[in-house]
1. What pairs can you find where one residue is in the range 40-51 and surrounded by 14 or more Cβ atoms within 10 Å (Cβ to Cβ), the other is of a type outside the set (A, V, I, L, M) and assigned to a loop (DSSP other than H, G, I, E, B), and their Cβ atoms are less than 6 Å apart, with a gap of 6+ or different chains?
2. Can you name the residue in the range 82-96 that is modelled with pLDDT under 95 and among the charged types (D, E, K, R) and, of all such residues, is nearest to L37 (Cα to Cα)?
3. Just to be sure I understand, how many residues within the range 4-26 are under 15 Å from G70 (Cα atoms) and either modelled with pLDDT of 90 or more or of a type in the set (G, A, S) (or both)?
4. Looking only at the range 70-101, count every residue that is surrounded by fewer than 18 Cβ atoms within 10 Å (Cβ to Cβ) and part of a strand (DSSP E or B) and tell me the total.
Amino acid sequence: MNGHQLADAGIERARLTAEAECSNWTDRIMAELRLWLVQRNPKEFAIEDFRAYVEIWEHELVPASTNAWGSVAQTAVRRGIIKNTGRRRPARSRATHAHQVPVYVRAV
């Protein structure tokens, strides 16, 4: 396996763990993302912006592994909810030490 395949496998394991801990987690987090996009109507955003909202207001949907947030982006793009702009920005989360994160826009 190459690095991308290993990363995707780790993200999928984290998503499955989130599903085991919270029934229908993937569908529920996608529904919450759609609602957040309508309510907040961000021009552009990173998944960490949505994550901050979930951690405050929908804490039952916070997955045990931070890797599960990668599945949120992948699933949302695949389902046509968001689009990757191809741009990146420094992460705002202190825990990520300002590494570059993808920037998304609402697709629907």
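The values are calculated or read from the model by the stated rules, or taken from the named source; none is laboratory data. Note that the structure is a prediction, hence the values are computed from the model and not measured. Note: ideal-geometry Cβ built from the backbone for every residue, glycine included; neighbour counts use all protein chains shown.
1. E48/S93
2. In this case the residue turns out to be R92.
3. 7
4. 9
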